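Peer 1: Sharing a structure, written as structure tokens. Questions coming.
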Amino acid sequence: MFLQSPKLWKMLLILAIWSPISHSLHFDLHSGRTKCIAEDIKSNSMTVGKYNIDNPHEGQALPQSHKISVKVTSNSGNNYHHAEQVDSGQFAFSAIEAGDYMACFTAVDHKPEVSLSIDFEWKTGVQSKSWANVAKKSQVEVMEFEVKSLLDTVNSIHEEMYYLRDREEEMQDLNRSTNTKMAWLSVLSFFVCIGVAGMQFLHLKTFFEKKKVI
């Protein structure tokens, strides 16, 4: 069968190694402090995130001091998520512009000062697409689920390569433009130096003629 081909399994193994892995962040935040986390996102990419404050007392409600404000903005200042005085939440949006996106967490100002433990997970691109709801129990359908997930990863890598190539072309255009401007500046500086030298020569010649030295 096609799925039993050794070449296919080798390809799937290589793709699985290169597949992006999502990591959950865990950090501490003190009262009245702010912590920001940046993520580089391509335009038209889907991104999802969820966050929550660890409850130090299992089975009990979080105290009022354990509240945070969360704001997600783009590099140009556009606001994509804003929550005030919450202990958990989530966001999802499609990035309109490429660049760094910032998720900032601010703990409420409380005396005495408390330390909040926050779990935060941010997925972008192929990581944000959940294929779990399409995976079935049978082995064949589970294999189909794996293949679909890997193909999605390949497409994501392909798009990333095109994105990097475009960035490289932009840098090359910038380098060529800079080199051209530097060349013109060098030529202009050369003629300015010649002009100044000629003016100095004429000034000295006139001066010595008046003094009847020459």
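The values are calculated or read from the model by the stated rules, or taken from the named source; none is laboratory data. These numbers were taken from a predicted model, which means no experiment stands behind them. Reconstructed Cβ throughout: ideal geometry from the backbone, glycine too, with neighbour counts over all protein chains shown. Surface accessibility is based on the protein's heavy atoms, side chains included, excluding ligands, DNA and RNA. Shrake-Rupley method; radii C 1.70, N 1.55, O 1.52, S 1.80 Å.
Peer 1: Quick one: of Lys71/Lys111; Lys35/Lys148; Lys67/Lys123, which pairs are farther than 31 Å apart, Cα to Cα?
Peer 2: Details: Lys71/Lys111 23 Å; Lys35/Lys148 37 Å; Lys67/Lys123 23 Å.
Pairs exceeding the cut-off: Lys35/Lys148.
Peer 1: Here is a further query. Give the carbon-plus-sulfur fraction of the accessible surface of segment 159-198 in %, rounded to a whole number; probe 1.4 Å, heavy atoms of protein chains only. Spell out each step's value before the answer.
Peer 2: Working: 2390 of 3580 Å².
In segment 159-198, the share of accessible area belonging to carbon and sulfur is 67 percent.
Peer 1: Between Ser117 and Asn44, what FRET efficiency follows from the Cβ-Cβ distance if R0 is 35 Å, with the result rounded to 0.05? Walk me through the numbers on the way to the answer.
Peer 2: Numbers: r = 34 Å, r/R0 = 0.98.
Rounded to the nearest 0.05, the efficiency is 0.50.
Peer 1: Sticking with this structure for a sec: If I model a spin label at Ser94 and Leu164 as a point 7 Å from the Cα along the Cα→Cβ vector, what separation in nanometres do I get?
Peer 2: With each label placed 7 Å out from Cα toward Cβ, I get 2.6 nm.
Peer 1: Mind giving me the nanometre distance, one decimal, between the label points for Ser76 and Asp152, set 7 Å out from Cα along Cα→Cβ?
Peer 2: Each label point lies 7 Å from its Cα, and together they span 2.8 nm.
Peer 1: Can you tell which of Ala107, Ala95, Ser117 lies farthest toward the positive end of the dipole of segment 38-128, using +1 and -1 charges on the Cβ of basic and acidic side chains (Lys, Arg; Asp, Glu)?
Peer 2: Ranked along the dipole, the leading option is Ala95.
Peer 1: Quickly work out the His110-to-Ser69 label distance, labels modelled 7 Å from Cα along the C-beta direction, and quote it in nm with one decimal.
Peer 2: In this crude label model, Ser69 to His110 measures out at 1.6 nm.
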